[in-house]
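To start, the structure under review is shown below, and the notes come after it.
Each reported figure results from applying straightforward, stated rules to the coordinates on display, with no laboratory input. Note that the coordinates shown come from a computational prediction; the quantities given were computed from them, not determined experimentally. All Cβ positions, glycine included, derive from the backbone under ideal geometry; neighbour counts span all protein chains shown.
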Amino acid sequence: MYSYITGTLAGMEEGKVILDNNGIGYELNVSSFTLSRVGALGSRVKIFTHLGVTDDAMRLYGFATEEERAMFLKLITVSGIGPKVALQILSGMDVRTLALAIVNSDAKALARIKGIGKKTAERVILELRERVEEEAVDSGSLAGVSGASPMGQEAAAVLVSLGLSRTDAVKAVNNVLSGGKAKTLEEVITLALRSVDK
């Protein structure tokens, strides 16, 4: 319903920002990552949004980047993970580090986030990793990957499914493949995620 809101930052506190757009103050629930990126009070900002609707409330969630929003939307599909927990995960780990943990099945890293236990971490990895693999297959080939290698195309598709733009994914995979350091799909994905600027 709302893709993004551009306005003046009118208020901020832990977990929330208020964005003034033409005299209407939108209260957005945000991660600490987004809170640290929005800037100072009075500055003009663009925040990507998601409208969450439940039986008893409608809440707007705000994100500094489309990539963070894409990961949030993936997290809330995991059984037992609601918007509040998804924001908690995104507050404890930036999107690319989180994507890296999912790809590498690093439940220990996820479990270090405050309020996220081992079982929840394992469930996030299990459910999102499966989905990432399915999306990678469904997305088919990606033009522009060096030598059109099947491994490179699959790696780029996985990165896109984790929230990177196609351009960034192809560029990152090409950089890794041209370096010749990665031998497996997992290595390509890991190195590509690390190479993308945070």
_Extension gain, Asn21 back to Ser36 (0.36 nm per residue minus Cα-Cα distance, nm)_ = 3.4 nm
*trypsin sites (Lys or Arg not before Pro), restricted to the range 71-127: which are DSSP loop and have at most 14 other Cβ atoms within 10 Å?*
Arg112, Lys114
*asked:* Can you compute 3J(HN,Hα) from phi for each residue in the range 42-59, using the Karplus curve 6.51 cos²θ - 1.76 cosθ + 1.60 with θ = phi - 60°, rounded to whole Hz and x for Gly and Pro?
replied: x, 7, 8, 9, 10, 10, 6, 10, 9, 9, x, 10, 10, 4, 10, 7, 10, 10
*For the chain, how many pairs of lysine residues have a Cα-Cα distance under 20 Å, where the two are 8 or more positions apart or belong to different chains?*
18
*Can you tell me how much longer the chain between Asn104 and Lys118 gets when fully stretched, taken as 0.36 nm per residue apart minus their C-alpha distance, in nm with one decimal?*
3.5 nm
*Treat every Asp and Glu Cβ in the chain as -1 and every Lys and Arg Cβ as +1, leave all other atoms uncharged, and give the resulting dipole magnitude about the Cα centre to the nearest 20 debye.*
500 debye
*Treat each spin label as a single point 7 Å out from the Cα along the C-beta direction, and report the Lys183 to Ala111 distance in nm.*
3.0 nm
*To the nearest 20 debye, what charge dipole does the range 67-132 have about its Cα centre, counting +1 at the Cβ of each Lys and Arg and -1 at the Cβ of each Asp and Glu?*
200 debye
*asked:* Using a 10 Å cut-off around each Cβ, can you sort Ser31, Ser165, Ser91, Ser178 from fewest to most neighbouring Cβ atoms?
replied: Ser178, Ser165, Ser91, Ser31
_Spin-label model distance (nm) - Lys46 vs Lys84, 7 Å beyond Cα toward Cβ_ = 3.3 nm
*Out of residues 5 or more away from Met12 or on other chains, whose amide H comes under 5 Å of its own, with H placed 1.01 Å from N in the peptide plane?*
Ile18
*Kyte-Doolittle cut-off -1.0, length cut-off 24 Å along the helix's own axis using Cα: show which whole DSSP H helices in the chain pass.*
118-138
*Please work out which option in [x] 20; [y] 9; [z] 28 gives percent of Cα pairs over 32 Å apart calculated from these coordinates, and answer with its label.*
[x]
